[in-house]
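Worksheet for the structure shown next.
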Amino acid sequence: MSASSFLKALKAEGLTVVEVGDWRDHNRNHKGPWGPVHGVMIHHTVTRGSARTVDICRTGHESLPGPLCHGVVTKDGKVHLVGYGRANHAGLGDDDVLRAVIAEKALPRDNEANTDGNRHFYGFECENLGDGDDPWPAAQLEAVERAAAAVCRHHGWNERSVIGHLEWQPGKVDPRGFTMASMRERIRDRLK
């Protein structure tokens, strides 16, 4: 999917999309390949404030340069596009999980970190402290659902192509505050 097709798919799913800077060419492709892409990964940011969150996800920080995802879903339900191509969001994860995503089968428990996820997943960071107390507004959850469904619809994938970071990499907890099982149900219903 080209950057233009990505934007078109998100808008066609009814999302409000904000294009941030040179997002179409902002990536980490010089660090390795992007693709083949097999799924969508959902994260929480552990940040507060939409402008600050978008800036961090676009530029990164000292130990992890941006972009840290492809799109940032803010509390108001907008999707801010900050990069396209390889992004520093997934890290190393479980090859058994990747095989399950490709086959669109139930996920095994992640128990190793041996596969480059930045190569194989679209990433959406969601503005949330990730403490289990910070609320997830309805508009934001709907935007997560729509964004993941847009990518799945374009590729002909089903809801099992959408995972949380906690399902990919041992020790990760994101997203915290809703379950990926409930989000996949929402995506499944939207794709019908």
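The values are calculated or read from the model by the stated rules, or taken from the named source; none is laboratory data. Computed from a predicted structure; not experimentally measured. Quick reminder, even Gly has a Cβ in these numbers, built from the backbone with ideal geometry, and neighbours come from all protein chains shown. For accessibility, only protein heavy atoms count, side chains too; no ligands or nucleic acids. Shrake-Rupley method; radii C 1.70, N 1.55, O 1.52, S 1.80 Å.
Annotations for the structure displayed:
- Largest to smallest principal axis extent of the C-alpha atoms in region 41-115, angstrom: 36, 28, 22
- Environment charge at L166 (Cβ cut-off 13 Å; Lys +1, Arg +1, Asp -1, Glu -1): -1
- Converting phi to 3J(HN,Hα) with the Karplus coefficients 6.51, -1.76 and 1.60 and the offset θ = phi - 60°, region 31-38 yields 9, x, x, 10, x, x, 8, 10 Hz in sequence order, with x at every glycine or proline.
- Distance histogram for region 82-132 (every C-alpha pair counted, 10 angstrom bins, percent rounded to whole numbers): 23, 43, 32, 1
- Residues in region 38-52 that a label on E112 would reach, taking backbone N under 18 Å of a point 7 Å out along Cα→Cβ: none
- Taking every Cα-Cα distance in region 98-161 and sorting them into 10 Å bins from zero, the calculated P(r) comes out as 17, 39, 38, 6 percent.
- Taking 0.36 nm per residue of separation and subtracting the current Cα-Cα distance, fully stretching the chain between E19 and R99 would add 25.6 nm.
- Exceeding the 25 Å Cα-Cα cut-off - candidates K11/K172; K31/K172; K11/K75; K78/K105; K105/K192; K8/K192: K11/K172; K78/K105
- Taking Cα centre as origin and charging only the Cβ of basic (Lys, Arg, +1) and acidic (Asp, Glu, -1) residues, the dipole magnitude of the chain rounds to 540 debye.
- Each Lys or Arg adds one and each Asp or Glu takes one away; over the other residues whose Cβ falls under 12 Å from the Cβ of R28, this sums to +1.
- Considering region 69-183 at the alpha-carbon level, its Rg and Dmax are found to be 13.5, 36 Å.
- Positive-pole candidate from V40, C69, H80, dipole of region 1-108, charges at beta carbon: H80
- From largest to smallest, the equivalent ellipsoid semi-axes obtained for region 1-57 from the alpha-carbon gyration tensor read 20, 17, 13 Å.
- Summarising the amide proton neighbourhood of T47: residues at separation of 5 or more, or on other chains, whose placed amide H is nearer than 5 Å comprise N128, L129.
- Carbon + sulfur, % of accessible area of the chain - ligands and nucleic acids excluded, 1.4 Å: 48 percent
- Per residue, the chain exposes 43 Å² of solvent-accessible protein surface, assessed with a 1.4 angstrom probe and all protein chains in place.
- Across the chain, C-alpha contacts under 8 Å between residues 6 or more apart give a mean separation that, scaled by the residue count, equals a relative contact order of 28 percent.
- Helices assigned as whole DSSP H runs in the chain whose Cα atoms extend at least 15 Å along their own long axis and whose mean Kyte-Doolittle hydropathy is 0.0 or higher are found at 138-155.
- A cut-off of 5 Å between modelled amide H atoms, ignoring neighbours fewer than 5 places along the same chain, links G60 with G66, L68.
- Over the chain: helical MRE at 222 nm, DSSP H runs n ≥ 4 each giving -39500 (n - 2.57), nearest 500: -10000 deg cm²/dmol
- For region 134-192, a crude dipole built from +1 on the beta carbon of Lys and Arg and -1 on the beta carbon of Asp and Glu, taken about the Cα centre, is about 220 debye to the nearest 20.
- Within the chain, all pairs of alpha-carbon atoms sorted by distance into 10 Å bins from zero give the percentages 10, 42, 40, 8, 0.
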